[in-house]
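Student: Have a look at the structure that comes next, please.
The values are calculated or read from the model by the stated rules, or taken from the named source; none is laboratory data. Small disclaimer: the values here were computed from a predicted structure and weren't measured. Glycine also receives a Cβ, built like all others from the backbone with ideal geometry; neighbour counts cover every protein chain displayed. Remember, those area values only see protein heavy atoms, side chains included, never the ligands or the DNA or RNA. Shrake-Rupley method; radii C 1.70, N 1.55, O 1.52, S 1.80 Å.
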Amino acid sequence: MKLLLLLGFSALLVWPQSLTNTYSADINGRRVEAPSFTSAGGERTERFQSINGRQVPLEQIVDRVVREDANGKVTERTLRKFDPTGRLALSERTLIEETKLPSGGSSVRETTSRADVNGTFHEAERRTTETRVNGSTSTANTVTERPTLNGAFETIEKRSAITEGPAASQRTTESVYRRDGAGGFQEALRYVKTSSKVNDTITESTANYEPGVTGQLQLASQTDSTSTKRPDGTEVTQTNTFAQTVVGRLQDTTAPMRVKEQDIVERRANPDGSVVETFSVRRPTMSDPNRLGELQKISETVCKGKCQPEPAKPAPAPAKP
């Protein structure tokens, strides 16, 4: 019996583990702890402090690999959400089946089931994504189905994402299609993302298009971000969000895009392996929407344990003829 306990404890030590805490300030400037996250193996749990001072779970995600071989991978993901007292409020199970295609692409089928009040799981959503690769261009088509009132599954959304260019300079155009009044599918949203990497600097820009007053898609918002690495290893990401709407003022579709918010994230790795991430923001003032106000620190996140991502594994050598 002691040997079994020792083996079980040793297995827990082998799993990568981390604890992440986020702190912010209340209106009086006092430090307040936000929900914390613990990760170990394929399990991630979010906890917060209840009104009686106890640490209770808020959300838990558990991934279990059912099968993995040269043809693909099957993973079972369990999601549990809890109420403010820590009692289970929702349970969801998703089976993710990944299949490699001969062309170098992949097919991913996700089947999600939710539990009713009696704990019985019922299929609630099916999502299939097929990715095709042709040179430096990849096309991913996603179909989402949900049950109707009579129980039969019906397609409720389609997505098409085309990515062009090498990893160092890419452009992705994603279109979201939803049913219109006639029962057909019409483009409802569009996202255009460009990214480039030069040395230690990564630049990204995302334009979001939504239906305007005429029903045609028009530019609604845009984000531009730049990530750089300082000589001391600190990673700094600055993101500017542009929109025609500024908080406290009516939207003017003819007005030029203005900076709605500027976010700055600094990520620093310490010698002990912990990672500290600070989040600061600048927003326009009500009196002058064209100029950003002072930089304000919003939160600080501290991760201890296995916080750095695993290094990329080298690609397997091609088989000899």
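Student: Determine the relative contact order of the chain: mean sequence separation of Cα pairs under 8 Å and six or more apart, normalised by residue count, in whole percent.
Tutor: Answer for the chain is 9 percent.
Student: If N is the number of residues in the chain, what value comes out of its Cα radius of gyration divided by 2.2 N^0.38 Å?
Tutor: Rounded to two decimals, the normalised Rg is 1.19.
Student: Next question, about the same structure. What does the charge dipole of the chain about its Cα centre add up to, to the nearest 20 debye, if the Cβ of each Lys and Arg holds +1 and the Cβ of each Asp and Glu holds -1?
Tutor: Charge dipole of the chain: 420 debye, to the nearest 20.
Student: Per the Kirkwood treatment, what hydrodynamic radius in Å, one decimal, follows for segment 156-305 from the mean inverse distance over all distinct Cα pairs?
Tutor: In segment 156-305 this quantity evaluates to 18.1 Å.
Student: Give me the 1.4 Å probe accessible area per residue for the chain, excluding ligands and nucleic acids, in Å².
Tutor: For the chain, the solvent-accessible area averages 67 Å² per residue.
Student: In deg cm²/dmol, rounded to 500, what helix-only [θ] at 222 nm does the chain give when every DSSP H run of at least 4 residues adds -39500 (n - 2.57) and the total is split over its residues?
Tutor: So the calculated ellipticity at 222 nm is -1500 deg cm²/dmol.
Student: Can you pick out the pairs among Lys158/Lys193; Lys193/Lys306; Lys81/Lys304 whose Cα atoms lie more than 26 Å from each other?
Tutor: Violating the 26 Å Cα-Cα cut-off are Lys193/Lys306.
Student: Here's another thing I want to ask about it. Please compute the volume of the convex hull spanned by the alpha-carbon atoms of segment 123-234 and report it per residue in Å³.
Tutor: 156
Student: If I compute solvent accessible area with a 1.4 Å probe over the protein chains, what percent of it on the chain is carbon and sulfur?
Tutor: Here carbon and sulfur together make up 52 percent of the probe-accessible area.
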